[in-house]
Amino acid sequence: MCSVCGCGQAEIHGDQSHDHAIHNHGADHEATNTRLIRLEQDILARNNAFAAENRALLEGRGCLALNLVSSPGSGKTSLLIKTIEAIGDRHICSVIEGDQQTSVDAERIRATGASALQINTGKGCHLDGHMVAHALETLNPEAGAIVFIENVGNLVCPAPFDLGENHKVVILSVTEGDDKPLKYPDIFAASDLMIINKSDLSPYVDFDIDAAIANARRVNPKIGVLALSARTGEGMQAWINWIDAARHLSAVSNSGVAARREC
Ligand SMILES: Nc1nc2c(ncn2[C@@H]2O[C@H](COP(=O)(O)OP(=O)(O)O)[C@@H](O)[C@H]2O)c(=O)[nH]1
Ligand SMILES: [Mg+2]
C-alpha cells in the first residue's frame, strides 16, 4: 500500500510506475476527497433531520436531554448512577446507553430504579439521531424528564453528530492527561460543559487541572468546567445544580417555543 495516501498501489522504492506525478495522484486525491466530503455531508444531513425530530419531541414534552461523551472508562456510567441517586426522583430520569456490545451499562442504570435502554452499535463508534429516535420511542420519557444519553466511549466520532440534545457534556478523567482538549478539539468545541472526573485520583497523577481548563478554553472559550469525583461525591452538588439550571433554561425556552407555535 502507498504510504503517502493508502491508495492501494504497491510501493516499490524507485519504481517509476508509482511516481506520484505519473499516476496523477493529485487528481485521484481530489476526486476521492470530493466523494468523501459529499458522503459525509449526506450522512450528517440525514442525521440532522432525525435530530430535529428528536429535539421537537423532547421540547414538546419539556424534557432536558444531555449527551455525555468521553473516552471509554472515564466514568460516564458511574457518574450517571451517582447523578440519578442524587436527583432522588428516579422516575424523571431516562437513560439511553450506547456501547458497541453488551447491555451491562443499561443494567447498571436500571439497578438504580431509573429506566434505561441499551443501544449496541456493533462496529459503529457513535450514536446517531436515528438510533436515538428509536430509543425515545421505546423509552417514552415522561413530561419534564431528564434524558441522559451515554454515547459510545470515543472522543472523536460523536463530535459532529447532533442527537437532538440540549447540551453535549464532555467528560475527561484525570488519568487521561490534560492535553486531550488540544488533541481532540472537536468534541470540546461542541460541548457546553467539561466535567473533570476522578478528582480523588489527582494526588497520584500528574494531571494539571489549570492546564486542562486553559486547553479546553483555547478550543472553546465558553465551555463550562466542573471538577468532581463520581467515587467520593466531591463536587457532585455543583453538577446537580448545573442540571437544575439547564432544566430551568430549557423549560423557559420550551415555553417560548410553545407560545410561538400557538401564534
Ligand atoms: N477513582 C475513581 N474511579 C472512578 C470514578 N468514576 C468512575 N471510576 C471508575 O472508572 C472505571 C470506569 O467507569 P465507568 O463508569 O464504567 O466508565 P465509562 O466507560 O465512561 O462508562 C470503573 O472502574 C469506575 O469504578 C471516580 O470518580 N474515581
Ligand atoms: Mg459506560
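The table that follows gives values for the structure above.
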read-out: Under 13 Å from the E142 label point (7 Å along Cα→beta-carbon), backbone N, segment 93-136; value: 93-94, 114-115
read-out: Relative contact order of the chain, defined on C-alpha pairs under 8 angstrom at six or more residues apart (%); value: 20
read-out: Difference of contour (0.36 nm per residue) and Cα-Cα distance, T32 to S78; value: 12.3 nm
read-out: Within-9-Å neighbourhood charge of D105 [Cβ basis; K, R +1; D, E -1]; value: -2
read-out: Cα pair distances in the chain, grouped into 5 Å bins until the bin that holds the longest one, percent each; value: 1, 6, 12, 15, 16, 15, 11, 8, 6, 4, 3, 2, 1, 0, 0
read-out: Computed lengthening from D200 to Q101, 0.36 nm per intervening residue step minus Cα-Cα distance; value: 32.7 nm
read-out: Computed FRET value (nearest 0.05) for H134 with R218, which takes r as the C-beta separation and R₀ as 22 Å; value: 0.05
read-out: Charge dipole magnitude, Cβ of K and R +1, D and E -1 - the chain, Cα centre, debye nearest 20; value: 680
read-out: Helix 209-219 vs. the chain, principal-axis angle (Cα, 0 to 90°, nearest 10); value: 60
read-out: Accessible surface, segment 63-195, averaged per residue in Å² (probe 1.4 Å); value: 35
read-out: Where labels lie 7 Å past Cα in the beta-carbon direction, separation of T232 and A56 in nm; value: 4.8
read-out: Shape metrics for segment 186-260, restricted to C-alpha atoms - Rg then Dmax, Å; value: 15.4, 53
read-out: Within the chain, helix-based [θ] at 222 nm, where runs of 4 or more DSSP H residues each add -39,500 (n - 2.57), nearest 500; value: -14000 deg cm²/dmol
read-out: Highest-fluctuation residue, L64, L80, L249 considered, GNM on the chain with Cα pairs under 10 Å; value: L249
read-out: Net +/- balance of residues flanking A133 in space, Cβ distance below 15 Å, scoring K and R +1, D and E -1; value: -3
read-out: Charge dipole (the chain, unit charges on Cβ, about Cα centre) - positive-most of S74, L155, W239; value: W239
read-out: Choice from I171, I146, I43 with maximal GNM fluctuation in the chain (Cα, 10 Å cutoff); value: I43
read-out: Mean Cα-pair separation over length for segment 52-165, i.e. relative contact order, pairs under 8 Å, 6 or more apart, %; value: 41
read-out: L182 versus D210: modelled label distance in nm, points set 7 Å from Cα along the beta carbon direction; value: 1.6
read-out: Beta bridge orientation in the chain: antiparallel %, DSSP, nearest 5; value: 0
read-out: Net charge of neighbours whose Cβ lies under 12 Å from the Cβ of D179, counting Lys and Arg as +1 and Asp and Glu as -1; value: -1
read-out: Rg/Rg_globular for segment 130-263, with Rg_globular taken as 2.2 N^0.38 Å and Rg from C-alpha atoms; value: 1.18
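The values are calculated or read from the model by the stated rules, or taken from the named source; none is laboratory data. Since the model is a prediction, treat every value here as computed from it, not as a measurement. Backbone-built Cβ (ideal geometry, glycine too); neighbour counts: all protein chains shown. Remember, those area values only see protein heavy atoms, side chains included, never the ligands or the DNA or RNA. Shrake-Rupley method; radii C 1.70, N 1.55, O 1.52, S 1.80 Å.
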